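Let me begin by presenting the structure, written as structure tokens, before commenting on it.
The values are calculated or read from the model by the stated rules, or taken from the named source; none is laboratory data. Just so it is clear, the model here is predicted, and its values are computed rather than measured. Don't worry about glycine lacking a Cβ; one is built from the backbone with ideal geometry, like all the others, and counts go over all protein chains shown.
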Amino acid sequence: MSGNTLGLLFAVTTFGESHGPAIGCVIDGCPPGLELEPGDIQPDLDRRRPGTSRHVTQRQEADRVEILSGVYEGRTTGTPIALLIRNTDQRSKDYGNLLDTFRPGHADYTYWRKYGVRDPRGGGRSSARLTAPVVAAGAVAKKWLRQHHGIAIRGCTLQVGDVAIALRDWGAVATNPFHAPDPAAVPQLEAYMDALRRAGDSCGARLYVEALNVPAGWGEPLYDRLDADLAHALMGLNAVKGVEIGAGFGCVTQKGSEHGDELTPQGFVGNQAGGVLGGISSGQPLTAQIAIKPTSSIRVPRRSVDRSGQPTVVETFGRHDPCVGLRATPIVEALVALVLIDHALRHRAQCGDVALPVPPLAAGG
């Protein structure tokens, strides 16, 4: 199976399945000398892990990370870093009825058509469980980016199903299970999710992420554009069906006089471009929005077929998130960090000696 590695100079390869003994990743290309211990990684894993509220799957996984290699006396050595997270709360029997059938909206059918065999337990390799090692690797990238460039990456939820959320207070994001930046929206979100769970159904979500203090000049035109690599990474996240950079699809109704961010000696006037011009970072905040589809695993009976092509009805049992977007914020942040550190190293490799007499514009916007 190919396609398990993200990045060129900072390359992350994940491994494992939802109900296997463990999941993890190997980071190849992490610069040496970075102070690193499990405590640098665990907080982001705790934000993502299941069982943290009644609104997410009740699978109880501690998601304790182990560093197996690549660190000596508390610092990275430049050699591959292996991170391991053991699975401890599998209930494979919940998926016994899916061995010969396919869940609508899930990867069951396509995995079977491609490989001729599939692991039905929790989705196997296609499970969102595999985002845990991505978050672990992203925590390493975040620390390096923060120390070397002062980059801060933060995300939040702007919509859950029909409930829109205003971006009012970044400080509120860490205080509720929805990663909502508006405390006033939490009671409505709780009621919405409780009703959804009682109905055995699911909903989608819209997330926002931004990276602050990204230097101008990162990105590799034409085909390794910074925004293209961001979209590639974010579309690789389970259940993501849309990615917008900056104004995104909103640019369709804008005039050129509205969309083109003017430049002044004091800085950029706006940031409709989302911090990327011609595939290269402009020095403005890097911004993106992500659309996450409704969870495919629901209790509502759905029509399907079995492996012989005969009609059947599928009901999914087990423990599932009514909205997978509720735990996606730290994953989205991690993916942005992984793209940025890779481009930081690529820029340093080719253009590290470039120096201009004029300082960069203020971010503005």
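Out of curiosity, is Thr131 buried (at least 20 other Cβ atoms within 10 Å of the Cβ) and polar (S, T, N, Q)? Reasoning before the result, please.
Details: buried (at least 20 other Cβ atoms within 10 Å of the Cβ): yes; polar (S, T, N, Q): yes.
Taking the combined requirement at face value, the residue satisfies it.
Among all positions in the stretch 252-268, there is at least one residue which is surrounded by fewer than 24 Cβ atoms within 10 Å (Cβ to Cβ), at pLDDT 95 or above, touching an Asp or Glu at 6+ places or on another chain (Cβ under 8 Å) and of a type in the set (A, V, I, L, M, F, W, C). Annotation note: Cβ proximity below 7 Å between a residue of the stretch 91-112 that is of a type in the set (D, E, K, R) and a residue that is surrounded by fewer than 17 Cβ atoms within 10 Å (Cβ to Cβ) and at pLDDT 65 or above (sequence gap 6+ or interchain) occurs for Asp94/Phe317; Asp100/Asp306; Asp100/Arg307.
None of Gly78, Gly105, Gly39 is small (Gly, Ala, Ser), surrounded by fewer than 15 Cβ atoms within 10 Å (Cβ to Cβ), modelled with pLDDT of 85 or more and not in a helix (DSSP H, G or I) except Gly78. If a residue must be at pLDDT below 95, surrounded by 15 or more Cβ atoms within 10 Å (Cβ to Cβ) and of a type in the set (A, V, I, L, M, F, W, C), how many such residues does the stretch 48-72 contain? So the count comes out to 1. Across the stretch 283-300, a minimum of one residue is classified as under 29 Å from Arg198 (Cβ atoms), in contact with a Phe, Trp or Tyr (Cβ under 8 Å, 6 or more places away or on another chain) and of a type in the set (D, E, K, R). Only residues that are among the small types (Gly, Ala, Ser), assigned to a loop (DSSP other than H, G, I, E, B) and in contact (Cβ under 8 Å) with a residue 60 or more places away in the chain: list them for the stretch 268-307, please. If the condition is that a residue be among the small types (Gly, Ala, Ser), assigned to a loop (DSSP other than H, G, I, E, B) and in contact (Cβ under 8 Å) with a residue 60 or more places away in the chain, then Gly270, Gly275, Gly279, Ser282, Gly283, Ser296, Ser297 are the ones that fit. Can you tell me how many residues within the stretch 330-365 are in contact (Cβ under 8 Å) with a residue 60 or more places away in the chain, over 30 Å from Arg206 (Cα atoms) and in a helix (DSSP H, G or I)? Qualifying residue count, the stretch 330-365: 5. Pro221 meets each of the listed conditions (1) at pLDDT 95 or above; (2) farther than 24 Å from Ala166 by Cα apart from (1).
Every residue in the stretch 308-327 that is in a loop (DSSP other than H, G, I, E, B) and in contact with a strand residue (DSSP E or B) (Cβ under 6 Å, 6 or more places away or on another chain), please.
Of all residues in the stretch 308-327, those in a loop (DSSP other than H, G, I, E, B) come to 308-310, 315-323.
Once the filter is applied, which keeps residues that are in a loop (DSSP other than H, G, I, E, B) and in contact with a strand residue (DSSP E or B) (Cβ under 6 Å, 6 or more places away or on another chain), the stretch 308-327 yields only Cys323.
When Arg348, Arg299 are checked against the criterion of being among the basic types (Lys, Arg), closer than 30 Å to Gln147 by Cβ and surrounded by 13 or more Cβ atoms within 10 Å (Cβ to Cβ), a single residue qualifies: Arg348. Among the residues of the stretch 250-263, some residue qualifies, meaning at least one is more than 30 Å from His347 (Cβ to Cβ), free of Cβ contacts under 8 Å to residues at least 24 places away in the same chain and small (Gly, Ala, Ser).
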